[in-house]
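S.K.: Below: one structure in structure tokens.
Any read-out appearing in this document is the output of simple, stated calculations on the displayed coordinates, not a laboratory observation. Predicted model, so just to flag it, every value in this text is computed and none were measured. Cβ: placed from backbone, ideal geometry, glycine included. Neighbour counts: every protein chain shown.
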Amino acid sequence: MPEIKAADNAPRTMMGAGGSGTSFGWSGAQSFGGGRGGTGSAINFFGIHDISTSVVIMIDVSDSMFDRTGDAQKRKLLKHGRDQNFQVVRDEAIKLVQGLTPQTRFGIVRWSGGAYAWKEEMVLATEENKQAAVRHIQNEIDYKTAKPRSGERGGTRHDLAMKEAFALKLTDGNATEAQPHGGLKPIPAQEIYKVAEEGQKDLSKKAHLHVIYYLNGKEKTDEADTLRTLASRNGGKFEKVEAKGREQK
């Protein structure tokens, strides 16, 4: 069969998911992508629609994503796999992957205290790659699967997540960074915006950064405002989704 190629200057989209906890925010599933039009795949992630030939799916696997929906408690996982309320996020990501056309390139990033890409670069959405991606999403995107790398402080590192996504040549509330003597320090919104701004400079065509505020706890105005602004500054859409099993203290 002839090799299938995707244009380097084709539309790009980034999509992701994150959750809010008591100490950190970015509730939700964040999707990042760039560009509309062209011959890309029709994207639908938690009701956010776009058309793109390059897609990065970003999923927050921080403790709060599982603690506040009843999947985990006191650092112990209570529900596993498809029994988790978190499965809703996996299902949406799987549907997105399964709907991609063969000419579309895609990547997957999970993050918490560290950020990890499924592949070092985006791959074409062949049936083989899509099946492998579905297995990865279902089996490897879970609680405690994105611990800090050596030298990283941890927390809920949306800044590291975006850097990881932009490193795939596509270019993720209140993000936090763990401190040397304990506790979590909020990462200023301006620092998050700057990561996206710097990443966009290396792209031939600006990426759309869509954000899902995945409410697994009480909504916080500052979190919502940060996410809405991040999407707005990067040509993306902002949506709120209430998580199944959401704790509403």
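S.K.: Could you please rank LEU78, LEU215, placing first whichever residue has the fewest other Cβ atoms within 10 Å of its Cβ?
M.R.: Least crowded to most crowded, the residues run LEU78, LEU215.
S.K.: Hey, what do the phi angles of segment 94-104 turn into as Karplus ³J(HN,Hα) couplings, whole Hz, using 6.51/-1.76/1.60 and θ = phi - 60°, x for Gly and Pro?
M.R.: 5, 4, 4, 4, 5, x, 6, 7, x, 7, 8
S.K.: Another question, if that's okay. Amide H to amide H, which residues 5 or more places from THR104 or on other chains are under 5 Å from it, using H placed in the peptide plane?
M.R.: The list, which skips near neighbours in sequence, is ALA125.
S.K.: What pairs in LYS147/LYS201; LYS130/LYS244; LYS76/LYS218; LYS194/LYS220; LYS95/LYS244; LYS95/LYS237 have C-alpha atoms more than 24 Å from each other?
M.R.: Over 24 Å Cα-Cα: LYS147/LYS201; LYS130/LYS244.
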